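Shown next, in structure tokens, is the structure this report addresses.
The values are calculated or read from the model by the stated rules, or taken from the named source; none is laboratory data. Worth saying up front: this structure is predicted, and the values here are computed from it rather than measured. Neighbour counts run over all protein chains shown; Cβ positions are idealised from the backbone, glycine included. With ligands, DNA and RNA removed, areas are computed over all heavy atoms of the protein, side chains included. Shrake-Rupley method; radii C 1.70, N 1.55, O 1.52, S 1.80 Å.
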Amino acid sequence: MKRNWMMMKMSLVAAFAALAGHAATAAVPLPALGANSAEVSVSGLSAGGFMAVQLHVAYSATFKRGAGVVAGGPYYCAEGSIVNATGRCMSHSSSIPVSSLVSTTNSWASSGTIDPVSNLANSKVYLYSGTSDNTVVQAVMNDLQTYYQSFVPTANTFYKNNIGSGHAMITDDYGSSCSTTASPYINNCGFDLAGDILQYLYGALNARNNGTLSGTFTEFNQTDFVSGHGMAATGWIYVPQSCNSSSCRVHVVLHGCKQNYSDIGDKYVRDTGYNRWADTNNIILIYPQTSTAATNSCFDWWGYDNANYAKKSGPQMAAIKAMVDRVTSGSTGGGGGSTLAAPTGVGTSGATSSSMVIGWNAVSGAASYNVYRGGSKVNASAVSATSYTDTGLAASTTYSWSVTAVDTSNVEGAMSSAATGTTLAASGGTTPVCYTASNYAHTTAGRATQSGGYTYANGSNQNMGLWNTFVTTTLKQTGTNYYVIGSC
């Protein structure tokens, strides 16, 4: 009993330390990428699904491509009431007044508090509801389908409701068992929902990338757009390599309750399947994040933060719209970011089985540089030269690096295009061996380390999530004291 209590205490301490450590992490301004403003869409799960509907309807002139809604409900379903939210809008304990909500939508559009509903006629809507979802039951999603029939042509709406999934975002290769309703609310149902949503909204797409992604994940500063109001200080963006040199589409991905970075780490950002499709189809993904100050980490879809939560003036709504505006703009204006250009000529050389040299051209006005591998900064201190040797890499593995210039005020400029390189084969390499255990057990066995409440695989330094006895990870050993997250 005493040992169990000590283990739980360590887990709680680690969790609080993780929150504190993550909050202190420096983030860069959201980049202006000149993305195509006519190719913007949104999708979300649960609270994120309700929020996706709100953004699609209120900002229909922005989210022109449409919305994907997983376990959500009609626009303004709660009408500002937590009783309605948890009752008729989730369990369908009483009927949802769909015709009244349609009238409210038309009224608000006429007054200009939301965009004209005529914009919705040219968009698409993808709806998903699992037959084992007892959190937001199918009757609620059925009412959402009915609601959209007043604004979106039937031919532009698709409703999938025949998979026995619980309340979760579903994938074809990651997560809990399909019918589960439990954290991290990502289930493996043998169905690629993210891909199905994106293909319906955008039409035929190239095959997804099941290998190493070409682009970069970047943690950006959300306080440029909103401070407080249940929103975290930082969010995430995934930019395919191709989008650094060509105009791309934009898709906003909204997590559900208890799914933000503080709750489940980067699982929703990295493991829900969106990035693999975005990588090969010129789609930039924005992952806004709520904070722990938000009720149950939910996006505001019933008014816990602001009475205008469903209108264009809603603080969370306006912030996400501003994020899209930044990414589709051609300059960083208003964000207080550096004006330094992105480094050019980024390339790799000097590969060994465990290291790579990354080089680039000097940027006028730069005081130093930062180097990112797969979206994560790898240099512990400022790089004053125009090259950097990245070490501790796995043999026979392809990686992607990008570089930013930093000015004299220690503010980063735009991120460069990514350069890829493959390490050499290890001499006398070992056959991979896998270990599945709790993150705490991995550290005690010497396969991982912990810092700031998070667990990091030895060698690759991949973030395995919170350091405790409850999070289980499979590590694959690919070399001497070198582990990666994966399976054998």
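Across the stretch 343-359, the number of residues qualifying as out of contact with any Phe, Trp or Tyr (no Cβ under 6 Å at 6 or more places or on another chain) and either in a loop (DSSP other than H, G, I, E, B) or at pLDDT below 85 (or both) comes to 6. For the stretch 211-220, a residue qualifies if it is in contact with an Asp or Glu (Cβ under 9 Å, 6 or more places away or on another chain) and either part of a loop (DSSP other than H, G, I, E, B) or open to solvent by 30 Å² or more (accessible area, probe 1.4 Å) (or both), and the qualifying residues are L213, S214, G215. For the stretch 217-225, the criterion of a residue being β-branched (V, I, T) and without any contact (Cβ under 8 Å) to a residue 40 or more places away in the chain is satisfied by at least one position. Scanning the stretch 231-261 for residues that are open to solvent by 10 Å² or more (accessible area, probe 1.4 Å) and assigned to a loop (DSSP other than H, G, I, E, B) yields A232, A233, S245, S246, S247, C257, K258.
Take the conditions (1) at pLDDT 85 or above; (2) among the small types (G, A, S); (3) closer than 11 Å to L340 by Cβ; A414 misses just one of them, which is (1).
The residue of the stretch 168-182 that is farthest from V57 (Cα to Cα), among those that are part of a strand (DSSP E or B) and touching a residue at least 12 places away in the same chain (Cβ under 8 Å), is S176.
Could you look through the stretch 69-86, keep only residues that are aliphatic (A, V, I, L, M) and open to solvent by 10 Å² or more (accessible area, probe 1.4 Å), and pick out the one that is farthest from G49 (Cα to Cα)? This residue is V83.
The residues on offer are A385, A395, A351, and the sole one that is open to solvent by 30 Å² or more (accessible area, probe 1.4 Å) and more than 27 Å from A425 (Cβ to Cβ) is A385.
Taken over the stretch 360-382, the criterion of being out of contact with any Lys or Arg (no Cβ under 9 Å at 6 or more places or on another chain), in a strand (DSSP E or B) and buried (at least 18 other Cβ atoms within 10 Å of the Cβ) is satisfied by Y369, Y372, R373.
Here S427 clears all of (1) among the small types (G, A, S); (2) at pLDDT 85 or above; (3) farther than 21 Å from Q241 by Cα except the condition numbered (2).
Against the criterion of being more than 23 Å from the chain's Cα centre (by Cα) and in a loop (DSSP other than H, G, I, E, B), A78 qualifies.
Any idea which of G48, G112 is open to solvent by less than 50 Å² (accessible area, probe 1.4 Å), under 26 Å from C189 (Cα atoms) and not hydrophobic (A, V, I, L, M, F, W, C)? Exactly one of G48, G112 is open to solvent by less than 50 Å² (accessible area, probe 1.4 Å), under 26 Å from C189 (Cα atoms) and not hydrophobic (A, V, I, L, M, F, W, C), namely G48. The residue that is farthest from I170 (Cα to Cα), among those in the stretch 51-68 that are aliphatic (A, V, I, L, M) and either open to solvent by 10 Å² or more (accessible area, probe 1.4 Å) or assigned to a strand (DSSP E or B) (or both), is A61. Take the conditions of a type in the set (K, R), closer than 21 Å to K124 by Cα and modelled with pLDDT of 95 or more and apply them to K160. Does it pass? Against the criterion (of a type in the set (K, R), closer than 21 Å to K124 by Cα and modelled with pLDDT of 95 or more), K160 qualifies. Looking at A155, A139, just one residue is of a type outside the set (S, T, Y) and either in contact with a helix residue (DSSP H, G or I) (Cβ under 6 Å, 6 or more places away or on another chain) or at pLDDT below 95 (or both), and that residue is A155.
Among the residues of the stretch 369-388, those identified as in contact (Cβ under 8 Å) with a residue 24 or more places away in the chain and more than 29 Å from the chain's Cα centre (by Cα) are T386, S387. Of all residues in the stretch 122-147, those satisfying the criterion of being open to solvent by less than 40 Å² (accessible area, probe 1.4 Å), of a type outside the set (D, E, K, R) and in a helix (DSSP H, G or I) are A139, V140, M141, L144, Y147. Within the stretch 156-167, the set of residues being assigned to a loop (DSSP other than H, G, I, E, B) and open to solvent by 30 Å² or more (accessible area, probe 1.4 Å) comprises N161, N162, G164. Residue pairs whose Cβ atoms lie under 8 Å apart, separated by 6 or more positions or on different chains, with the first residue in the stretch 154-167 and under 16 Å from D143 (Cβ atoms) and the second part of a loop (DSSP other than H, G, I, E, B) and open to solvent by 40 Å² or more (accessible area, probe 1.4 Å), are T157/Q149; N161/T131. Examine the stretch 436-445 for a residue that is open to solvent by 10 Å² or more (accessible area, probe 1.4 Å), within 29 Å of I237 (Cα to Cα) and at pLDDT 80 or above, and state whether such a residue exists. Taking every residue of the stretch 436-445 in turn, at least one turns out to be open to solvent by 10 Å² or more (accessible area, probe 1.4 Å), within 29 Å of I237 (Cα to Cα) and at pLDDT 80 or above. Kindly indicate the residue of the stretch 463-488 that is among the polar types (S, T, N, Q) and open to solvent by 70 Å² or more (accessible area, probe 1.4 Å) and also farthest from D263 (Cα to Cα) among those meeting that condition. In this case the residue turns out to be T480. For the stretch 85-122, residues that are touching a Phe, Trp or Tyr at 6+ places or on another chain (Cβ under 7 Å) and under 26 Å from M169 (Cα atoms) total 3.
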